[in-house]
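The structure under discussion appears below in the form of structure tokens.
The values are calculated or read from the model by the stated rules, or taken from the named source; none is laboratory data. Here the structure is a predicted model, which means the values were calculated and not measured. Cβ placement follows ideal geometry from the backbone for every residue including glycine, while neighbour counts extend to all protein chains displayed.
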Amino acid sequence: MNETSEEPETREHVCVQDLSLNHDIPRSPFVGRMLSKQQLLSSYRTLDVQVVRGGAESAKGKYAQMLFRDLFEDYSNALRPVEDTDTVLNVTLQITLSQIKDVDERNQILTAYIWIRLSWYDAYLKWDRDEYDGLDSIRIPSNMVWRPDIVLYNKADDEFSEPVNTNVVLRYDGKITWDSPAITKSSCVVDVSYFPFDNQQCNLTFGSWTYNGNQVDIINTMDTGDLSDFVENVEWEMHGMPAVKNVITYGCCSDPYPDITFTLILKRRSSFYIFNLLIPCVMISFLAPLGFYLPADSGEKVSLGVTVLLALTVFQLMVAESMPPSESVPLIGKYYIATMTMITASTALTIIIMNIHLCGPEAKPIPRWARIVILDYMSKIFFVYDVGENCTSPQSDSDTKSNGSVPCYDDYEKEQEAYSSLGCPVSASGNLSCDVDINKKLNGHVGGHYGLQREIPETHCCTHCNRYRILTNNIEYITNWYKEQKAISAKGIEWKKVAKVMDRFFMWVFFSMVFFMSILIIAKAV
């Protein structure tokens, strides 16, 4: 009884010492007066619980040290941890995708930041929790236990770096869980056929490097990778990460080799390429048909086509630098090539049309089929008029013809009749011949009209005939020259009209081609 009665006093005395040491309570009489007996008892009880808990934790730490010595005293991490060598060791694999750092289309490399979780059972690292004060798990460096040699098969890194030596969680039943972060560079076959509206599928294939399926079997815990902590990429959208287990038998060995392939389904964000590559190309493409609308005399038709062609060449080089040198041509590259071909054809047609426009007097007449098809029908369809016809009204044109400085002598036969009435007969060749009776006709009445008052000698009549003959020849020469110049001018005007009609025709043809090419590339993107 005395011993039991003394224990509380001793224990209470220890608590008081602990309280005074740890909490540094001042030992003045004023403080003693302020503290009541109940407050002191409450502080003693609280401190007693803390001392008991601290003792329990220190006891578990001692048990952890004891467990560590007992487990690894005769343990070797070089051998597969199974009691029977014919037993298959199951290793579960789970991949968590954290971030897509880069997709290098030219070198076809995917750089990703992932978390790898591996778990397996070690037959030699088990213990009874009751023997170690209920200790159920410990954390130890991963290089102290056996680890499966799970590697990335399609690794594309220059250096074969080892996994990060993070700690593993070891449970009492022998289960080991190893979480390790990694930055992987894997090969990814990039198909740029529909760039910049393309979808890509990049694989991450994990498997054991030395153990076959009869020794180490890989099991995926879920059908997909974990995307709960995925950080969105500015260029690529993530549309899934399915996981598939494959069992492959290689030609060297008859044993199966299992692996797990995680497929990253990516879709490119095309807004950047639409605003920086596609829309400028479409706008430049619509400038090419406008070259046909320029007047042929401006001299800038060919220059416009060459300038547009050079601009598209620069855009084509920008796309080619970022694409891999493969057989597949990107969709935007096809659009550039088609547009450049169209502009080259339009420039060549512009040169041909300019030659037609500049046809001079030595040009051949317009063929009959061209006159019918181009001048009669196509000119009305494309609203092409004669040169200057759409600038002046028909009334002003008729006034110009009536008030022209050069008359048209279409009634030359009437002049010959007048000369005949004066006694200067016209020969078969159209020349005037002197007649003796002209003196009588000039002295008398001609056709009942008044005649001359004096008689004109016969020689004077011949002189008049010669003058009229010279005058008639001059007028005939001027008339023929005017008709010839008018015919030459009309021929040049007709060729210019043909060139103008062809300009309008090819302008609408190339506008339609650019429009349909733009619709086609948008349809393929959708």
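Residues that are touching a strand residue (DSSP E or B) at 6+ places or on another chain (Cβ under 7 Å) and either under 18 Å from Y211 (Cα atoms) or at pLDDT below 95 (or both) occur at least once in segment 128-136. Run H464 past the list (1) over 18 Å from I353 (Cβ atoms); (2) modelled with pLDDT of 85 or more; (3) out of contact with any helix residue (DSSP H, G or I) (no Cβ under 7 Å at 6 or more places or on another chain) and report the number of the one that doesn't hold. All conditions are met except number (2). For segment 60-96, the candidate set comprises residues that are more than 30 Å from L152 (Cα to Cα) and exposed (fewer than 13 other Cβ atoms within 10 Å of the Cβ); within that set, the residue that is modelled with the lowest pLDDT is G61. The residue of segment 105-140 that is nearest to R268 (Cα to Cα), among those that are among the aromatic types (F, W, Y) and not in a strand (DSSP E or B), is Y124.
Each residue in segment 324-361 was checked for being assigned to a loop (DSSP other than H, G, I, E, B) and in contact with a Ser or Thr (Cβ under 9 Å, 6 or more places away or on another chain), and 4 pass. Determine whether segment 146-159 contains at least one residue that is closer than 22 Å to F68 by Cβ and buried (at least 17 other Cβ atoms within 10 Å of the Cβ). Yes, because at least one residue in segment 146-159 is closer than 22 Å to F68 by Cβ and buried (at least 17 other Cβ atoms within 10 Å of the Cβ).
L264 satisfies every condition listed in (1) part of a helix (DSSP H, G or I); (2) touching a Cys at 6+ places or on another chain (Cβ under 7 Å) except (1). State whether the residues of segment 289-296 include one that is exposed (fewer than 13 other Cβ atoms within 10 Å of the Cβ) and either touching a residue at least 24 places away in the same chain (Cβ under 8 Å) or not in a helix (DSSP H, G or I) (or both). For segment 289-296, residues exposed (fewer than 13 other Cβ atoms within 10 Å of the Cβ) and either touching a residue at least 24 places away in the same chain (Cβ under 8 Å) or not in a helix (DSSP H, G or I) (or both): present.
Evaluated against (1) under 27 Å from G225 (Cβ atoms); (2) out of contact with any strand residue (DSSP E or B) (no Cβ under 7 Å at 6 or more places or on another chain); (3) exposed (fewer than 14 other Cβ atoms within 10 Å of the Cβ), E105 falls short on exactly one condition, (3). If you check D229 against the conditions, is it loosely packed, with under 15 Cβ neighbours inside 10 Å and free of Cβ contacts under 8 Å to residues at least 12 places away in the same chain? Answer is no for this residue.
Pairing each residue of segment 68-96 that is farther than 18 Å from P141 by Cβ with any residue that is part of a strand (DSSP E or B) and aromatic (F, W, Y), provided the two are 6+ apart or on different chains, yields C-beta distances under 7 Å for L89/W120; N90/W120; V91/W120; L93/F206; I95/F262; T96/W115. One residue stands out in segment 203-226 among those that are hydrophobic (A, V, I, L, M, F, W, C) and surrounded by fewer than 21 Cβ atoms within 10 Å (Cβ to Cβ): the one that is farthest from L118 (Cα to Cα), namely W209. For segment 246-275, a residue qualifies if it is surrounded by 13 or more Cβ atoms within 10 Å (Cβ to Cβ) and over 21 Å from V189 (Cβ atoms), and the qualifying residues are P256, Y257, P258, I274.
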